[in-house]
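Report on the following structure.
The values are calculated or read from the model by the stated rules, or taken from the named source; none is laboratory data. Since the structure is predicted, the reported quantities are computational estimates derived from the model, not experimental observations. We place every Cβ from the backbone using ideal geometry, glycine too, and count neighbours over all the protein chains shown. Just the protein is used for accessible areas: all its heavy atoms, side chains included, with ligands, DNA and RNA removed. Shrake-Rupley method; radii C 1.70, N 1.55, O 1.52, S 1.80 Å.
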Amino acid sequence: MIQIPFYETSGMVLSNFSAHRIEYEGVEYPTVEHAFHAQKFGEGSVKERITRAGSTLVAWELGRKYKPERRADWDDVKVGVLTELVRAKATQHDEVANALILTGEEEIVELNPDDSFWGTGPDGNGDNHMGKILMRIREELIEKNA
C-alpha cells in the first residue's frame, strides 16, 4: 500500500498542492487545488479570485469562505471534476504520469485524519476518494502505454 500523507513529503508530485500548472477548459491554473476550488463557482469574481490566488492555501481558504455561493450541484459533481483535473495534470506533466505509473498495483491511500471523504479520516476507514482517483488515472495511463 502506498500511503500519501495529507501534509505531503515523498508523494508531493501526486498532491493537488504540487506546483504543476494545468490547463482545464481553456483556463490555466497554478495547481490542481486552485482549479478544483475555482470549479465550485460559476463565472465571476469568486472564481477569478481563486484562480489568481497566491498560494494553494489561499485558494483552499477562498473555496471554504464562499461555500454558501458555490454551485448547487457541487456535491454531485465534485468527484468527477477532481478526476478530470488529476487526469489533466497527469497527461500534461510526464513527471506526474511517471510517478503514478511507478506506484504499480499498490493501493494509494491519502492519509488525512481530518477528511473522511477524500482521505482516510480519523479512524483510517474513510472513503479515500483521492486515492481512488489516483488509482483510476494510473490504470488509464498504464492502458494507454500498453
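For the stretch 100-109, filtering for residues that are buried (at least 18 other Cβ atoms within 10 Å of the Cβ) and either among the aromatic types (Phe, Trp, Tyr) or assigned to a helix (DSSP H, G or I) (or both) leaves 1.
Looking only at the stretch 110-124, decide whether some residue is over 12 Å from the mean Cα position of the chain (by Cα) and assigned to a helix (DSSP H, G or I).
No: the stretch 110-124 contains no residue that is over 12 Å from the mean Cα position of the chain (by Cα) and assigned to a helix (DSSP H, G or I).
Screening the stretch 5-98 for helices (runs of 4 or more DSSP H) wholly inside it with 3 or more residues that are open to solvent by less than 10 Å² (accessible area, probe 1.4 Å) returns the ranges 32-38, 74-92. Condition check: touching a strand residue (DSSP E or B) at 6+ places or on another chain (Cβ under 6 Å), buried (at least 16 other Cβ atoms within 10 Å of the Cβ) and either modelled with pLDDT of 95 or more or within 16 Å of VAL32 (Cβ to Cβ) (or both). Does LYS132 satisfy that? So LYS132 does not fit the description; no.
For every residue, the table says whether it meets (1) in contact with a helix residue (DSSP H, G or I) (Cβ under 9 Å, 6 or more places away or on another chain); (2) modelled with pLDDT under 95; (3) over 21 Å from ASP114 (Cα atoms).
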position: MET12; (1), (2), (3): no, yes, no
position: GLY26; (1), (2), (3): no, no, yes
position: PRO30; (1), (2), (3): yes, no, yes
position: LYS40; (1), (2), (3): yes, no, no
position: LYS47; (1), (2), (3): yes, no, yes
position: GLY54; (1), (2), (3): no, no, yes
position: GLY63; (1), (2), (3): yes, no, no
position: LEU82; (1), (2), (3): yes, no, no
position: ALA90; (1), (2), (3): yes, no, yes
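Evaluation of LEU100 against the conditions (1) farther than 18 Å from ALA146 by Cα; (2) touching a Lys or Arg at 6+ places or on another chain (Cβ under 6 Å); (3) not basic (Lys, Arg) shows that the sole unmet condition is (1).
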